[in-house]
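Notes follow once the structure below has been shown.
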């Protein structure tokens, strides 16, 4: 997408006087009006495929049942991983330090599934009575603890974890070599260790010690303090995380990893290790792809502030299932693909440093990371790459069911549905950027990341809105209410005409809006209007706040064309009735564009009269793999987009594909090439 007559490197350039005043006005007016009547992205595809194929989406998919009265300050996981041929067994002792926030407390409840057998518990060094329930462990404190008393709990246990969610804990193998890894988001920590399994209560620090086969490496969070040789021949890897951390972000990965280390040089004299534990068979691919992590670290440090765990490390460890997961300071991943790397790295700011306070607010993790993929594309490859990336998200966001803030968080697949928290979340940030303007938007993101009330803590949507309003001075209540808690998106129909008057040209623009979900709620949004003539074009912004509005625009030269939201800044459907008035005489499908394409492409077609239409995508064997259109369409010019994803959720490989358009007039087809 292009910018009017001038461009900069980070998106369209609007004079400040044109951007701020209409935006402030639109939200003030919108509040009054409503009171009166009113993927190409690799990460998405990986997670969507995992959701559809993973039969382990079961278990205790509920909020934490752990005692809300205790405030966790420290976790110490001292674990032994016994792998075949000995056994597949996890055992060890977990120490938990906490502060009592209740007036009186006689027992503590922790989250722990009862397939893990508790051998003993201790309270402040003294043996304590306990009982296990299906998903919890209750420890009797032995006396009544008063407010602000400190409690140290120790749980010694063993068992074989039963994986839930996206794979919480697995004993697996690669090529016959034992391989252990964890992925606890959202409710899987309780599957393998006793904890408070909720994102709102972060520990101030943690130690993770992993004893395993001496031929293996064990990766985890924070800094590797030492590796000790034990008398029984095993080794213990002692990791120390000294930044606050949520329980679901603690992870381990164990096998015969090969270590690859790079250095992120963030000043003339300072650097941080980027430590990667990869499978031997992945070494060549990792060495080719992982250096891009350094570019991403630079890009996001410039955009959001310096990498938040700079005193420790960043890196990756290979895991066997689940796409990728942003474990603090050491992402677990099945892919080193560029945008997977960028997505997970950006989570270190949004998800790890600032964590969603509850799973209702998951878009603050996933929407921010998805949008960061587009930011990475823009700052590495240019503005056109950004808009191309966002077009894919906007198309996917149209499929979102329910509000962005997911109220029912018990269904893991629904909670992590790609069109919602990922695609719509990214689209909301994209729209907010246009509302605020580039400079204010990125200042808002940096201020959010640096806010002392949120940094290394947790946040809600209201917290993010507060920061944006403080930085911008713009009231954003209407915007956030519509896009984070509202349903659907706007569908605009517009008609325009131009007439000469007193040496200038007057354009009358009529915009009608409905909600694409069928609901009655309308959206208050600034809309760019690009008007062009012979050798010129200009863009103005209008404020659409009602179901029907008329705008009068004046230009010194004759307008020949007018386009609403030409750079696709708004998640919306748009119909230009001036185009529809010119009914095509022939039934025709045009060559897709771009072609070859990656990740998405557009297929235009003409209908001379109203007809039932199907537009399908076929592979080289003639098999239908996707259906883009299936329903009655009005006469006129139409376009459909394909994001390269098959109907089963899988990512289409490179190759030749065919599109087939069927209507009452017959069948038309075309050929296209997907180049990954």
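Calculated from DSSP H runs of 4 or more alone, at -39500 (n - 2.57) each and per residue, what is the 222 nm mean residue ellipticity of the chain, nearest 500?
Details: 13 runs with 146 residues, N = 676.
Dividing the helical sum by the residues of the chain leaves -6500 deg cm²/dmol.
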Spin-label model distance (nm) - residue 508 vs residue 541, 7 Å beyond Cα toward Cβ: 2.8 nm
What nm distance separates the two modelled labels at residue 521 and residue 455, each placed 7 Å from Cα along Cα→Cβ? 3.4 nm
Looking at the chain only, what percent of DSSP beta bridges run antiparallel? Nearest 5 please. 85 percent
Within 10 Å of each residue's Cβ, count the other Cβ atoms and sort 611, 472 from fewest upward. 611, 472
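Neighbour counts of other C-beta atoms within 10 Å: give me 160, 72 arranged from fewest to most.
Values: 160 14, 72 22.
Fewest to most other Cβ atoms nearby, the residues stand as 160, 72.
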Could you give the distance between the Cα centres of segment 500-579 and segment 187-226, to the whole Å? 54 Å
Tell me the Kirkwood hydrodynamic radius of segment 240-397 in angstroms, computed as one over the mean inverse distance between distinct C-alpha pairs. 16.1 Å
What residues from segment 83-109 fall in the zone where the backbone N is under 16 Å from a label point 7 Å along the Cα-to-C-beta line of residue 129? 106-109
Could you state the number of Å between the C-alpha centres of segment 59-103 and segment 372-445? 34 Å
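Can you put 620, 252 in order, fewest other beta carbons within 10 Å first?
Sorted ascending by nearby Cβ count, the order is 620, 252.
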Quick check: pseudo-label points 7 Å beyond the Cα along Cα→Cβ at residue 140 and residue 408, how many nm apart are they? 4.0 nm
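Tell me, in nm to one decimal, what length is gained between residue 598 and residue 399 on full extension, where the rule is 0.36 nm per residue of separation less the Cα-Cα distance? Display every interim value, and only then the final one.
Values: separation 199, 0.36 × 199 = 71.64 nm, distance 2.08 nm.
Using 0.36 nm per residue and subtracting the Cα-Cα distance, I get 69.6 nm.
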Quick check: residue separation of residue 358 and residue 610 times 0.36 nm, minus the Cα distance between them. What number comes out in nm? 85.9 nm
If the viscosity is 0.692 mPa s and the temperature 37 °C, what translational diffusion coefficient in µm²/s does Stokes-Einstein give for segment 588-674 when Rh comes from Kirkwood over Cα pairs? 253 µm²/s
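Between residue 149 and residue 639, what length in nm is gained on full extension when 0.36 nm per residue of separation is reduced by their alpha carbon distance?
Values: separation 490, 0.36 × 490 = 176.40 nm, distance 6.53 nm.
This chain segment gains 169.9 nm when fully extended.
Each reported figure results from applying straightforward, stated rules to the coordinates on display, with no laboratory input. All figures in this text were calculated on a predicted structure; none of them were measured in a lab. A quick note on method: Cβ atoms are made from the backbone with ideal geometry, for glycine too, and the neighbour counts reach across all protein chains shown.
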